[in-house]
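Peer 1: Sharing a structure, written as structure tokens. Questions coming.
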Amino acid sequence: MIIPKAIQNLIESFEKLPGIGPKTAQRLTFYLLHVPQGELDKFANSVQNLKNDTILCSVCNMIDETDPCSICADSQRDHSILCVVEQPLDVLALEKGRGFKGVYYVLHGKIDPLNNIGPDEIYINQLISRIKDKDSVIKEIILATNPTMEWEATAMYLAKQVGQLKTENIKLKDLKITRIGRGLPVGADLEYADDTTLQRAMEGRSQY
Ligand SMILES: [Zn+2]
């Protein structure tokens, strides 16, 4: 039997999603055949608008409806404390705890030499430029990172670059790099940690 093209196309689209194998892709597609057309239209609309109705903040790379994002635009927050994370989901996880009043910077990845991801593939050099900017008010950079090998590489690269900046620019000599960690299990993902653990990890940050 030949599978209709419309079905085959959707199966292939699902298969491209992370964590979805061929069997799940088939099951999801055939499940959707039973869903009323109105629901399907809503679903298709949401997918269609996902990128059209969102924008990357030009200050921190977070995804929001406005640029700058609501966090960067908030004058109540402490813009001298910059929390560096891997992905937008990490911001959502840390914001849930409500304990952190600084601002964020999203790298959209991490340095991963084994998979050929170097500093140029993520937003790390833009971060260096931001720190270097003459209007920068950053006093502390917190590495809120998942404790993995790739993040060690990322943290080391950043620490080296910042160290270099500090020798070049007297204004940056007191800039601190800290990292959260206490309570975060090795190999755990930030987005899965509970609020209390995250808050404690943030309070217990230490000099990198
Ligand atoms: Zn922002």
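The values are calculated or read from the model by the stated rules, or taken from the named source; none is laboratory data. A quick note: this is a predicted structure, and the numbers were derived from the prediction, not measured. Backbone-built Cβ (ideal geometry, glycine too); neighbour counts: all protein chains shown. The protein model used for the area step is the full one, side chains on, heavy atoms only, and it has no ligands, DNA or RNA in it. Shrake-Rupley method; radii C 1.70, N 1.55, O 1.52, S 1.80 Å.
Peer 1: Below 11 angstrom from the Cβ of Cys57, what's the summed charge of the other residues (Lys, Arg +1; Asp, Glu -1)? Please report the intermediate quantities before stating the final value.
Peer 2: On the way: positive: none; negative: Asp64, Glu65, Asp67.
That works out to -3.
Peer 1: For the stretch 13-41 and the stretch 108-178, what is the separation of their C-alpha centers, rounded to whole Å?
Peer 2: 40
Peer 1: Shifting gears a bit: Could you compute the net charge surrounding Val35? Neighbours are other residues with a C-beta less than 11 Å from the C-beta of Val35; K and R count +1, D and E count -1.
Peer 2: Local net charge: -1.
Peer 1: Check cross-link reach from Lys51 to the lysines: straight Cα distance under 16 Å, and skip same-chain residues fewer than eight apart.
Peer 2: List returned: Lys42.
Peer 1: When all protein chains stay in place, what accessible area (Å², nearest 10, 1.4 Å probe) is found for Tyr157?
Peer 2: Roughly 60 Å² of Tyr157 is accessible to a 1.4 Å probe.
Peer 1: Using 0.36 nm times the number of residues separating Gln76 and Ser129, minus their current alpha carbon distance, what extension gain do you get?
Peer 2: On the way: separation 53, 0.36 × 53 = 19.08 nm, distance 2.41 nm.
Using 0.36 nm per residue and subtracting the Cα-Cα distance, I get 16.7 nm.
Peer 1: If only Cα atoms are counted, what is the Rg of the stretch 19-141, and what is its Dmax, in Å?
Peer 2: When restricted to Cα atoms, the stretch 19-141 yields Rg and Dmax of 18.9, 59 Å.
Peer 1: Rounded to the nearest 5, what is the percent of antiparallel bridges among the DSSP beta bridges in the chain?
Peer 2: Roughly 30 percent of the beta bridges in the chain run antiparallel, per DSSP.
Peer 1: Here is a further query. Considering only protein heavy atoms and a 1.4 Å probe, what is the carbon-and-sulfur percentage of the accessible area of the stretch 17-146?
Peer 2: On the way: 4250 of 7760 Å².
Roughly 55 percent, rounded to a whole number.
Peer 1: Sorted by mean Cβ packing within 10 Å, highest first, what order do the peptides 164-170, 78-84 take?
Peer 2: Highest mean packing first, the order is 78-84, 164-170.
Peer 1: Let me ask something else. With the alpha-carbon atoms as the only input, what is the per residue convex hull volume for the stretch 49-121 in Å³?
Peer 2: Dividing the Cα hull volume of the stretch 49-121 by its residues yields 114 Å³.
Peer 1: Which residues' amide hydrogens lie under 5 Å from the amide hydrogen of Ile142, considering only partners 5 or more residues apart or on another chain, with H built in the peptide plane?
Peer 2: Close amide H contacts, sequence-distant or interchain: Leu82, Cys83, Val84, Thr178.
Peer 1: On a 0 to 90 degree scale, rounded to 10, what angle separates helix 149-168 from the longest Cα axis of the chain?
Peer 2: Around 40 degrees separate the two axes.
Peer 1: Right, here's the next one. Express the accessible area of the stretch 94-189 per residue in Å², computed with a 1.4 Å probe while the remaining protein chains stay in the model. List each step's numbers first, then the result.
Peer 2: Values: 5290 Å² over 96 residues.
I get 55 Å² per residue for this part.
Peer 1: Determine, from the Cβ-Cβ distance of Asp120 and Thr66 and an R0 of 25 Å, the FRET efficiency 1/(1 + (r/R0)^6), rounded to the nearest 0.05.
Peer 2: 0.35
Peer 1: In terms of solvent-accessible area of protein heavy atoms at a 1.4 angstrom probe, what is the ranking of Arg130, Arg77, highest value first?
Peer 2: Ranked from most to least accessible, the order is Arg130, Arg77.
Peer 1: Taking a quarter of the surface of the Cα convex hull of the chain, what do you get in nm²?
Peer 2: Numbers: hull surface 59.6 nm².
Quarter of the Cα hull surface area: 14.9 nm².
Peer 1: Now a separate question. Which GluC sites (Glu not before Pro) in the stretch 1-63 pass both tests, a DSSP loop state and at most 13 other beta-carbon atoms within 10 Å?
Peer 2: Within the stretch 1-63, no GluC sites (Glu not before Pro) qualify (loop, at most 13 other Cβ atoms within 10 Å).
Peer 1: For the chain, find the longest principal axis of its Cα atoms and tell me its angle to the long axis of helix 5-15, 0 to 90°, nearest 10.
Peer 2: Rounded to the nearest ten degrees, it is 30.
Peer 1: Something else: Output the antiparallel fraction of DSSP beta bridges having both residues in the stretch 78-165, as a percent to the nearest 5.
Peer 2: Working: 1 of 10 bridges.
Within the stretch 78-165, antiparallel bridges account for around 10 percent of the total.
Peer 1: Mind checking Rg over Rh on the stretch 1-84, alpha carbons, Kirkwood formula for Rh?
Peer 2: Radius of gyration relative to Kirkwood radius: 1.20.
Peer 1: Under 5 Å between amide H atoms, partner at least 5 residues away or on a different chain: which partners does Val59 have, H built in plane at 1.01 Å?
Peer 2: Cys69
Peer 1: May I pose another question? Restricting to DSSP H runs of at least four residues, report the calculated mean residue ellipticity at 222 nm for the chain, -39500 (n - 2.57) per run over all residues, nearest 500 deg cm²/dmol.
Peer 2: Calculated mean residue ellipticity at 222 nm is -12500 deg cm²/dmol.
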